[in-house]
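The values are calculated or read from the model by the stated rules, or taken from the named source; none is laboratory data. Because the structure is a prediction, the values reported are computed rather than measured. Note that we place each Cβ from the backbone using ideal geometry, even for glycine, and neighbour counts take in every protein chain shown. The protein model used for the area step is the full one, side chains on, heavy atoms only, and it has no ligands, DNA or RNA in it. Shrake-Rupley method; radii C 1.70, N 1.55, O 1.52, S 1.80 Å.
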Amino acid sequence: MYEHETHRFRHTELRRAAAQERLAREAAGARRAARGEETAPFGALGAESHTDRPRRHRLPRTA
């Protein structure tokens, strides 16, 4: 019975965490959309980088 209760508790916590993450993503998307509407007339590209990695390799690959 203990395992069943811990499973139910974990399931509830995971669902709650997923809901919080979903709300955070929606809020971030709304902020991004609002910021995009403000900067679009001034020539913004509209694409934002999702990582901090450079676009190209620093050194060319060897053969």
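Being at pLDDT below 70 and either loosely packed, with under 10 Cβ neighbours inside 10 Å or out of contact with any Phe, Trp or Tyr (no Cβ under 6 Å at 6 or more places or on another chain) (or both) narrows it down to one residue among GLU3, GLU21, GLU26, GLU37; which is it? Let's see the steps before the verdict.
Details: GLU3 fails: at pLDDT below 70; GLU21 fails: at pLDDT below 70; GLU26 fails: at pLDDT below 70.
Only one candidate passes the filter, namely GLU37.
Is there any pair linking a residue in the range 18-38 that is assigned to a helix (DSSP H, G or I) to one that is at pLDDT below 95 and exposed (fewer than 10 other Cβ atoms within 10 Å of the Cβ), with Cβ under 7 Å and at least six apart or on different chains, and which?
If the second residue must be at pLDDT below 95 and exposed (fewer than 10 other Cβ atoms within 10 Å of the Cβ), the pairs left are GLY36/GLY46.
The conditions are (1) modelled with pLDDT of 70 or more; (2) open to solvent by 100 Å² or more (accessible area, probe 1.4 Å), and GLU13 fails exactly one of them. Which is it?
That leaves (2) as the condition not met.
Residue under question is GLU48, and the condition is that it be at pLDDT 90 or above and loosely packed, with under 10 Cβ neighbours inside 10 Å; does it hold? Reasoning before the result, please.
Details: at pLDDT 90 or above: no; loosely packed, with under 10 Cβ neighbours inside 10 Å: yes.
Taking the combined requirement at face value, the residue does not satisfy it.
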